[in-house]
Every structure is written in structure tokens, then in C-alpha cells.
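A.B. asks: Below: one structure in C-alpha cells.
The values are calculated or read from the model by the stated rules, or taken from the named source; none is laboratory data. Since we're looking at a predicted model, the values are computed, not measured. Counting neighbours? That spans all protein chains shown, and the Cβs are built from the backbone with ideal geometry, glycine included.
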Amino acid sequence: MRIKDRVAVIIVNWNTYQLTRSCIVSLKNCQHNNLEIFLVDNNSIDNSAKKLKKEFKDLHYILNNENTGFCKANNQAIKKGAETLKPTEWWPYKTELAFNAMIYPITNFSIAGVIWYQGESNTINYYSYEKLFTGMIESWRKEWKINFPFYFVQIAPFKYEYKNIGALLRESQTKSSLYDNTGMVVITDLTPDTNNIHPILKKEVSNQKVNFFLGCCA
């Protein structure tokens with residue numbers, strides 16, 4: 001199969017159907033007729049990726065599993081910390097699993113940049129988020145051997161059980177945006193209901209992201 005000049009890779013986890021669909025539609029509306037979209041299914045438990053594959057038949061569909069890749073976690077502190085985590089179906093708890101299943105398989109592709117949508121789970125470790133996040137960005141850039149742009153979305157406001165942890169994570173995200181060749185999309189103005197942990201204005205958030213990215217690339 002011959003790959004076209006412009007490729008978009010979208011990685012799908014659970015409960016992301018509407019948001020991912022909006023991103024796909026926005027990409028298809030761009031004036032790039034030679035754009036190919038790869039949909040990477042990280043075994044989404046609600047079948048989000050399979051639904052999108054059925055709806056958009058021209059997408060390239062890739063199913064990943066935890067045995068893909070050859071990354072080894074040599075950091076003893078990370079290994080020790082991982083051993084204390086309890087098994088869960090909602091996110092990876094083993095060292096190397098997420099990287100091996102979701103990132104390593106696409107490292108042979110050329111990359112133009114990354115769009116990162118932050119989840120709420122990191123609110124509990126907001127104090128170490130900046131170091132972890134920028135460390136991840138740097139490790140990915142080393143894999144591709146290029147200082148590609150890394151753009152991410154600010155976490156939406158929500159009434160968490162513990163006071164201010166959302167605001168503290170947003171503060172860590174703002175500090176992270178000072179890291180080289182990164183940028184943060186602010187969506188606090190697109191969150192009308194702070195009792196809903198998932199912003200309901202999917203299309204508006206998606207458009208805000210696309211406008212930000214195109215402005216940075218202009």
C-alpha cells in the first residue's frame with residue numbers, strides 16, 4: 001500500500017466516540033485531498049473505534065494489543081511504583097504496556113506533530129504532572145528523532161471531590177506549555193456544565209483545537 005504525503009493518526013480509547021468523530025469530520029473538511037487517516041483501536045471497551053470504522057469506511061483501521069513493541073522500562077523507580085498499582089480495566093497499570101500498544105507500532109511513520117487530549121485521572125498527581133508530561137514528550141521525540149510540535153488540550157473544569165485539584169492540574173499544564181515547541185488549547189469557555197466530567201460541546205471543542213493547530217502551523 002502506498003501511503004499519501006499527509007497522514008493523521010488517531011488513537012481511540014474508551015468513551016471517545018463523539019469527540020473522535022468530530023476530529024475526523026474536521027480533518028475531512030480540511031483542504032487536503034491527499035490526507036489519509038489511521039484509526040488505532042486501543043481495545044476500546046465501548047467499541048468506539050469499531051463504530052467509527054463502520055461509519056467512515058475510508059479510514060485505515062489498526063487493532064493494537066499489549067504484546068506489540070519492544071520498549072523496556074529500565075527505570076527502577078517506575079518499576080517499583082508499577083508493582084503497587086492494582087489491576088484495573090480502565091487504564092494500563094503495567095510498565096511499557098501503553099507505549100508498546102499505542103506508540104511503538106507507529107514510530108516508523110513520519111510525524112508532523114501530536115495532539116493530546118488530557119484525561120481527568122491525572123488530577124490526583126497534579127504535583128508531579130509537569131515532570132511526567134514533559135518527560136513523556138521528550139521520550140517520544142527521541143523515538144522519532146525529531147523535535148515535532150506537541151499541542152494539548154487544557155483539562156475542562158469539573159466539580160471534583162477534592163477541592164481545587166482540577167485548577168492545580170491546569171496550572172501544571174500551563175507550566176508544561178512553556179516546554180519547547182508545545183502549545184495548550186484553552187477550553188474553559190466551552191464548559192457550560194461543571195457537573196459533567198466530559199464537556200458536552202464536542203464540536204466546538206474540536207473546532208477550537210483545529211483553529212489553534214492551524215494557527216500555529218501557518
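A.B. asks: Hey, could you check the range 102-133 for residues that are out of contact with any strand residue (DSSP E or B) (no Cβ under 9 Å at 6 or more places or on another chain) and of a type in the set (S, T, N, Q) and say which is surrounded by the fewest Cβ atoms within 10 Å (Cβ to Cβ)? Give the steps one after another, and end with the answer.
C.D. replies: Kept after step one, since they are out of contact with any strand residue (DSSP E or B) (no Cβ under 9 Å at 6 or more places or on another chain), are these residues of the range 102-133: 104, 107-108, 119-132.
Still in the list and also of a type in the set (S, T, N, Q): 107-108, 121-123, 125, 128.
On the way: T107: 14, N108: 7, S121: 9, N122: 17, T123: 22, N125: 12, S128: 11.
Among those residues, the one meeting the criterion is N108.
A.B. asks: Here is a check on your reading of the model: is L169 touching a Phe, Trp or Tyr at 6+ places or on another chain (Cβ under 8 Å) and aliphatic (A, V, I, L, M)? Walk me through how you get there before you give the answer.
C.D. replies: On the way: touching a Phe, Trp or Tyr at 6+ places or on another chain (Cβ under 8 Å): yes; aliphatic (A, V, I, L, M): yes.
Spelling it out, L169 is indeed touching a Phe, Trp or Tyr at 6+ places or on another chain (Cβ under 8 Å) and aliphatic (A, V, I, L, M).
A.B. asks: So which helices (runs of 4 or more DSSP H) stay within the range 119-218 end to end and still have 2 or more residues that are within 21 Å of V25 (Cβ to Cβ) and at pLDDT below 85? Walk me through how you get there before you give the answer.
C.D. replies: Working: elements: 126-144, 165-176, 202-217.
Of the helices (runs of 4 or more DSSP H) lying wholly inside the range 119-218, those with at least 2 residues that are within 21 Å of V25 (Cβ to Cβ) and at pLDDT below 85 span 202-217.
A.B. asks: Now for a different question. Looking only at the range 19-39, which residues are modelled with pLDDT of 70 or more and exposed (fewer than 15 other Cβ atoms within 10 Å of the Cβ)?
C.D. replies: V25, K28, N29, C30, L35
A.B. asks: Residues of the range 202-218 being farther than 13 Å from Y117 by Cβ and touching a Pro at 6+ places or on another chain (Cβ under 7 Å), which ones?
C.D. replies: C216
A.B. asks: Checking the condition among the basic types (K, R), at pLDDT 75 or above and in a loop (DSSP other than H, G, I, E, B), which residue from K72, K86, K57 passes?
C.D. replies: Result: K57 is the single residue among K72, K86, K57 that is among the basic types (K, R), at pLDDT 75 or above and in a loop (DSSP other than H, G, I, E, B).
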